[in-house]
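The values are calculated or read from the model by the stated rules, or taken from the named source; none is laboratory data. Quick caveat, the model's predicted, so the values are computed rather than measured. Backbone-built Cβ (ideal geometry, glycine too); neighbour counts: all protein chains shown.
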Amino acid sequence: MRPKPPDRPAPSGWNRRAVALALVASPVVWTGARAQPARPRRATPSQTEGPFYPLTLPQDADFDLLRNGALNYTQGQPSWLEGSVTDLNGKPLRGAQVEIWQCDHAGHYDHPGDGGRIDRAFQGFGRVTVNAQGEYRFRTIRPVAYGSRTPHIHVKVKLGGRELLTTQLYVAGEPLNQRDFLWRNLRDDDARAALTVPFTPVPDGLRAQFPLVVEV
C-alpha cells in the first residue's frame, strides 16, 4: 500500500501576505467583455453650396431669421433649427461657426441671381458660434419648395477661417424629396437619413434637430 503523502503545511502569516501582494501586483487578465473605444462617427454628408449663397451678408445676420433689423417676418411656419457640431470622435467643436441660408415663404433668395425678390422682412441668412457644448440654434421657417427643388435649408460649418462642411437639410416625410435630384443622388439610405430630419410641433411653431459631424 502506497504511503499517504504528507499534508501540505498551511502558509504562514508572512506567506499569506506575500501571496496577497503578488495577486495585487499581477495584472488581472479579463477574458470577458471589456469596454471598447468608441468607433469614429460618420461625417455628415456634404452637398453643393448652390447658386444663392449671399454675395453680401445682411447687416442683421444673427440667429433669428424672422426679424430683419426692425422688420418682423410673419409668413411661413415658424421653426427652431438646433443641433450640435462635433468631430468624428464626438468631441464638441468649440469656436465653430454655423451658417444657414434659405428662401422665403414664396421661394425667393436674398441674391441678385434670384431677382432680389425676397421678402425684406425675412433675414434669409444667419450665422452663430456654437457654445462650449458645441450647440447651435436658429429661429427660421420650415423650408418651402421652389422650382424643381424639394424644401431644404443650406448649412455651412466654418472653423478659424476654414470651411469644414457645406450641406443641405431636408424635411422628413416631404413627398417632394423622392423627386429631388440632389436628395436622390445621396450615396445611400444612411446618407439620406443624416440629412433628413423631422419638423415636430412645439408650442411656438416647429422644431428640428440637425446634428453635424465634421472631419477637422
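Among the listed residues L206, L182, which satisfies the condition of being assigned to a helix (DSSP H, G or I) and under 29 Å from D64 (Cβ atoms)? After applying the criteria, what remains is L182. Scanning segment 61-71 for residues that are buried (at least 16 other Cβ atoms within 10 Å of the Cβ) and either among the β-branched types (V, I, T) or in a loop (DSSP other than H, G, I, E, B) (or both) gives A61, F63, L65, L66. Filtered by the rule that a residue be touching a residue at least 60 places away in the same chain (Cβ under 8 Å), among the charged types (D, E, K, R) and farther than 18 Å from D64 by Cβ, segment 105-145 gives a lone residue, D114. Could you tell me whether any residue of segment 146-158 is free of Cβ contacts under 8 Å to residues at least 12 places away in the same chain, within 16 Å of the chain's Cα centre (by Cα) and either over 17 Å from L195 (Cα atoms) or surrounded by 21 or more Cβ atoms within 10 Å (Cβ to Cβ) (or both)? No.
Can you tell me which residue among T44, T48, T74, T56 is part of a loop (DSSP other than H, G, I, E, B), polar (S, T, N, Q) and crowded, with 17+ Cβ neighbours inside 10 Å? So that I can check it myself, show each step before the final result.
Working: T48 fails: crowded, with 17+ Cβ neighbours inside 10 Å; T74 fails: crowded, with 17+ Cβ neighbours inside 10 Å; T56 fails: crowded, with 17+ Cβ neighbours inside 10 Å.
Going through T44, T48, T74, T56 in turn, just one is part of a loop (DSSP other than H, G, I, E, B), polar (S, T, N, Q) and crowded, with 17+ Cβ neighbours inside 10 Å: T44.
Can you run down the residue pairs with Cβ atoms below 9 Å, 6 or more apart or on separate chains, where the first is in segment 159-182 and within 12 Å of P143 (Cα to Cα) and the partner is among the acidic types (D, E) and at pLDDT 95 or above? Short answer, once both residue conditions are applied: Y170/D180; E174/D180. Residue count for segment 81-122, restricted to those that are farther than 23 Å from G161 by Cα and in contact with a Ser or Thr (Cβ under 8 Å, 6 or more places away or on another chain): 2.
Whether any residue in segment 89-99 is assigned to a strand (DSSP E or B) and either touching an Asp or Glu at 6+ places or on another chain (Cβ under 9 Å) or under 15 Å from F52 (Cα atoms) (or both) is what I want to check. Yes - at least one qualifying residue is present in segment 89-99.
Is it the case, given these coordinates, that A121 is over 24 Å from A43 (Cβ atoms) and in contact with a helix residue (DSSP H, G or I) (Cβ under 7 Å, 6 or more places away or on another chain)? Taking the combined requirement at face value, the residue does not satisfy it. For segment 77-88, which residues satisfy the criterion of being in contact with a Pro (Cβ under 8 Å, 6 or more places away or on another chain) and either outside any strand (DSSP E or B) or within 15 Å of D110 (Cβ to Cβ) (or both)? Within segment 77-88, just L88 meets the criteria.
Tally time: how many residues in segment 105-120 are under 19 Å from E49 (Cβ atoms) and surrounded by 15 or more Cβ atoms within 10 Å (Cβ to Cβ)? Lay out the reasoning, then the answer.
At the first step, the residues of segment 105-120 found to be under 19 Å from E49 (Cβ atoms) are 107-114, 118.
Now restrict to residues that are surrounded by 15 or more Cβ atoms within 10 Å (Cβ to Cβ): 107-111, 114, 118.
The number of residues fulfilling the criteria is 7.
For segment 100-115, the tally of residues that are aliphatic (A, V, I, L, M) and outside any loop (DSSP other than H, G, I, E, B) stands at 1. Inclusion of P203 among residues that are farther than 13 Å from R142 by Cα and touching a residue at least 40 places away in the same chain (Cβ under 8 Å) is not warranted. On the stretch given as segment 174-208, residues that are within 19 Å of the chain's Cα centre (by Cα) and either modelled with pLDDT under 95 or at positive phi (or both) total 1.
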